[in-house]
Structures are given as structure tokens and as C-alpha cells.
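Engineer: Okay, here's the structure, questions in a sec.
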Amino acid sequence: MIISNLKIMKNSIEFLRAGSLSTIQDLRRNNSRVYGIPRSGPMDHRSHMLSNWLLGKDLRSETIEMTLIGPKIKFNFNTNISLCGANSECLINNKKVDMNKTLSIKEGDILDIKKIKKGNWIYLSISAEIVAEKYFDSLSTYERSEIGGIKGVSIRNGDKINLLTSQDVDQKKIPKDIIYDFDEKIIRVIKGPEYYLFDDINYFTNNEFKISPTSDRMGIRLKNVGNNKKFEINLESSPVVEGTIQVPPDGNPIVLMRDCQTTGGYPRIGIISSVDISKISQIRANKSVKFRFISLDESNRLIDYNKKKYKSRLGVNLVS
Amino acid sequence: MKRNFSCDTLGDSSLIISSDKKDVDVIRHLHLILSEKLKDTIIDFVKTPNSLAVYIDPYKISIKQISNEINTILINESFDGIKKKAKDWKIPICYDPSYGNDITSLSKKLGLSIKKIIELHLRETYKIHMIGFLPGFIYLKGLNNNLKVPRRNTPRKEIKEGSIAIANDQTGIYNVNSPGGWNIIGRTPLSIFNKKKNPPIQMIEGDNVKFYKISKDDYLKFKNNEK
């Protein structure tokens, strides 16, 4: 018992700088919403999955999600890592390294992730399982209720995280056509249950909405840049899902994200297609988005297209 | 007895099954059978008093397929005798104003003495109407008509775990520290929501709840014993 503990404790990483908001996230939390507990997980599912793909890991496995200013991490063991998502200057021992490929790490190396330049969220996958608090089979951190991750909160300066044995991996690169550039602003939306209660749908499709800096993992707040319209639609609390666009009376939509509540009282004008939720998560504050309504069938076709594309290009089955 | 349900999609990865009538027992039963029969495809649920939301991974199964599977199950399902399973819970509550932050102001607002408010709150048996929105928040129906009061104009930034509050025709239990706009009348020392356990909460929709009054000393003793 003691020996196996020693083995576990052998591999660790130390956060010399925690970064703006670094949390452990995975795609494994199921059956928690029935108790009012959000699913959490990475804001950008596809970048999370790509970083895991580079290391040959299960796409649902945990990564470290980072934003704005990334962390500075010291590794005390030999391993491989990968970085995907928002473009950022990444250094190993002060030498610039590429994102979107497998990187090798030697004991004592220091990974420094500087200010993010494009996009919001960057993902670090490590070729060893992180030892952290599991809740509903998931390591995903949900800070509001202090669930998962390291003591339920974001990583702090000086935190040490233990990892299990490092696995050997093949060196891989993400094919160019699979890497996203975070420049698109059209977000495809399926009509929501209260779509027909809005007297002026053009308000949502003709206007651009600016991403508010107060957005967080719970929701992206949007602001109309033209003339604001008010909507008084009263509703009983109804279920919501990630990607739901709620419209409070002030006419500024809120897009519910990974840490969202399970029910809501504001009218649900639409639900973002599963293929575009990751996209909106990477659009920066003060940039604009434009909504385009599509049918459920079209959304299913987009899912199918992505599924086939990833299967043929990367040989994996996408998950959500 | 057969029940009528309608199925509406909520985007490409969830759908909402609504009952023609508000009946928490029917929704609870529906959740039970679907979580048993479709446990490999449905990844989560959310219950409201008249609906059940079902969540799937759209890369594994389409919303149309799951909708067909649900319909097949519902056609053959009888909802007879489902009411018997409700449990009765007794919850201690301390109405001391140091916990029931709004009880003094409510007394003025409602024109009732604090004693009367407590008496009316203790008198009723409540039914769990919904759990959720926030982790473990319990909505209870059956509040005495004389205690009906709107939410506070400005919600509080933080309400302590265990706080028991009233708003409109409901009383509710805040089971984790959270912001909220209900009028707080007391607090329970009981940890109803235990995030270290799975499931984190034993009570479910349709169960009955009755409160019993405890003193501040009892509250503190209870809390100490729990440690």
C-alpha cells in the first residue's frame, strides 16, 4: 500500500504561476443535473478533444483549461503534453514551442503560457492521469459548489498536482484543416420553445450582439449594439441546456454555457447547434456574434458531417 | 391510468417530455422508468413539476431516435399506483432572527406576529415540487395563504446553506450557499445536500415535508454533533 502510494506521489507538476483561471475539466460528468448540479466540462469541447487526441487519450479525459494569462508549470517527471485552443505564446524553458502537436517534457522543464492572443480558452493535456477530486465520475471543477478539481476550486499559485504513471505516445500533429481560427462570428441556432412568442425575430437575426466582458463559465452575456428592444414574456421555470439563448426583459440575450443552472425562467428563443457552442466560447469580449436560425435537421446534418470528418481525418469518434 | 405526454426538442441534444397535468408523481415515475430502460443513451435528466428534460450525446444518438424509443416505452407504460412511494420527512428548523433574517420585517409586512408566522409555517405539510436550478434547492408547495409574500426586491448575494425561506406560494430550502431573493425565516442544521455522496440528496420530488421547531441551543448542539 505504502509502495503504491509512493509510486503515485512520484509524478507531479507545480504551478509557479496559476494563471487567470486554470481549472481541471473533463467530459465525464453525467446524471448530476437531476440534482441541480451542472455538468461543467471544457468551454471549448473540440479543442479539449484535440489536445487529448494528440496524446492518444480518451477524448473525454481531463485537461487543464486556461484563459487570458496562462500558468507557469514545472514538471518533475518525463512525459508528453499537448496544447490546443486559443492562440498563445507557449514556452518550454524560455524556448518557443508550437501548439497543436505532441511535445515532450523532461524532468525539471518549465512550461510558460503567456497572454492569450486569439480566442479565450486553451487546453493542456498531459500523458498521465491527474489525481484530483472525482464527483459523479468526473474531475471537472465547478467552483460555485466547490466540486471536482483541486479542492473544488481553480488552481492557485504554488499548487502541486499529482499524476499517475506517464504513458508513452506517438508524436502527432493536428492537420491544418482541422485547426480552427476563431474568426467566424456566425452562430447557428435552432428555434427554441418560446421562439414564437417574440414579436420581432428580426431583432435577433439582423442585429449583431457584442460579447460582454462579464461573461463567465456559466453564461455568455450579449449586448445589442443598435437600438435595444424590450421583451416582457413571463414563463414558469423550465429546463435549459448548454447553448440555450435566454432573453431577459432588457433584450440582451444570455447564452448558457457549461456551468449553467438546470432550469430558467427567461424565454428560450433558441438553442445553439452542438457544433457551434465551442465556437461561441472562443469569441472574445467586445467582439460581435450574429445568429442564424437553422432547422433541427440541418443541425443533425452538421453533427453527422463533423462525425465523419473526424473519423476519416483523425480516426476517432467524437463525443459531447 | 394512461397519461398524455408531448415531446418537444430543446436543441439537438435534449428534449422535454411534458405531461398534460402538473403531477410530480407522474414525472418522478417517468424519470424512474426512463433512467432504467435507457440508461446507456440518456446521460442526464431535469425534472420540473410538469415536465422531464432528457439529455443525450448527439454524436451517439440523434434526438429523433431517442424520441422514438421514448414513445415506444410510454405507449406501454401504465401509471397505476405510483403515488404510494412518497416518503415523509421531518426537518428541524430554528426561527431565531439571527438565522431567519427576514422574519422581523415579514411580521410588519404581513401584519402577523412572529409567533403567528411560525405557527402557520409549522402547521402545513409540504410537498416537494422541484429540486434544482441550483444544486439541491428544494421547492415546497403548500404554503399557508396568509404567508404569501413576493420575493425581495433586491436578491441577497449570499444566503447560507440550510436557510429556509418563503416566496409567493412556496417555501424553499437553500442547501448550498448561494445568492437568492426569497424571504428567509429560519435555518435547519440538517445537511440535506451532501456533495460528498452520490446521490447527494435523499429527498425527491413528490415526498412530503413537515417542519418542527428547535431552539438556537438545539441548533448549535445539532451542528456540533454533526462534526
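The values are calculated or read from the model by the stated rules, or taken from the named source; none is laboratory data. Values in this document were obtained by computation on a predicted structure and should not be read as measured data. Every residue, glycine among them, receives a Cβ derived from its backbone with ideal geometry; neighbour counts consider all protein chains shown.
Engineer: Please go through the range B:122-156 and pick out each residue that is within 9 Å of the chain's Cα centre (by Cα), away from chain A (no Cβ under 14 Å) and buried (at least 20 other Cβ atoms within 10 Å of the Cβ).
Structural biologist: Passing the criteria: only B:LEU140.
Engineer: Continuing with this model, one more query. Hey, does the range B:57-77 have a residue that's touching a strand residue (DSSP E or B) at 6+ places or on another chain (Cβ under 9 Å), of a type in the set (Lys, Arg) and either buried (at least 22 other Cβ atoms within 10 Å of the Cβ) or away from chain A (no Cβ under 14 Å) (or both)?
Structural biologist: no
Engineer: While we're on this one: What residue, of A:SER281, A:SER312, is of a type in the set (Gly, Ala, Ser) and buried (at least 16 other Cβ atoms within 10 Å of the Cβ)?
Structural biologist: Selected residue: A:SER281, the only one of A:SER281, A:SER312 that is of a type in the set (Gly, Ala, Ser) and buried (at least 16 other Cβ atoms within 10 Å of the Cβ).
Engineer: Looking at the structure I just gave you, is B:LYS47 of a type outside the set (Asp, Glu), in a helix (DSSP H, G or I) and assigned by TED's automatic domain parsing to the domain that holds B:GLY11?
Structural biologist: No; evaluated as a whole, the condition is false for this residue.
Engineer: Could you tell me which of the residues A:SER320, A:SER212 is outside the structural domain of A:GLU143 (by TED's automatic domain parsing) and in contact with a Phe, Trp or Tyr (Cβ under 8 Å, 6 or more places away or on another chain)?
Structural biologist: One residue alone meets the criteria, A:SER320.
Engineer: Right, another one. Filter the range A:290-309 for residues that are within 11 Å of chain B (Cβ to nearest Cβ) and among the hydrophobic types (A, V, I, L, M, F, W, C); which is surrounded by the most Cβ atoms within 10 Å (Cβ to Cβ)?
Structural biologist: In this case the residue turns out to be A:ILE303.
Engineer: If a residue counts only when it is closer than 27 Å to B:SER51 by Cβ, which strands (runs of 3 or more DSSP E) contained entirely in the range B:116-219 have at least 2 such residues?
Structural biologist: Those strands (runs of 3 or more DSSP E) span B:126-131, B:138-141, B:163-167, B:170-173, B:178-180, B:208-213.
Engineer: Something else: Out of all the residues in the range A:118-147, which are touching a Ser or Thr at 6+ places or on another chain (Cβ under 7 Å), over 19 Å from A:MET49 (Cβ atoms) and modelled with pLDDT of 95 or more?
Structural biologist: Residue satisfying the conditions is A:TYR142 alone.
Engineer: Just one of A:ARG258, A:ARG284, A:ARG292 is within 16 Å of B:TYR55 (Cβ to Cβ), assigned by TED's automatic domain parsing to the domain that holds A:SER212 and in contact (Cβ under 8 Å) with a residue 60 or more places away in the chain; which is it?
Structural biologist: Going through A:ARG258, A:ARG284, A:ARG292 in turn, the sole match is A:ARG258.
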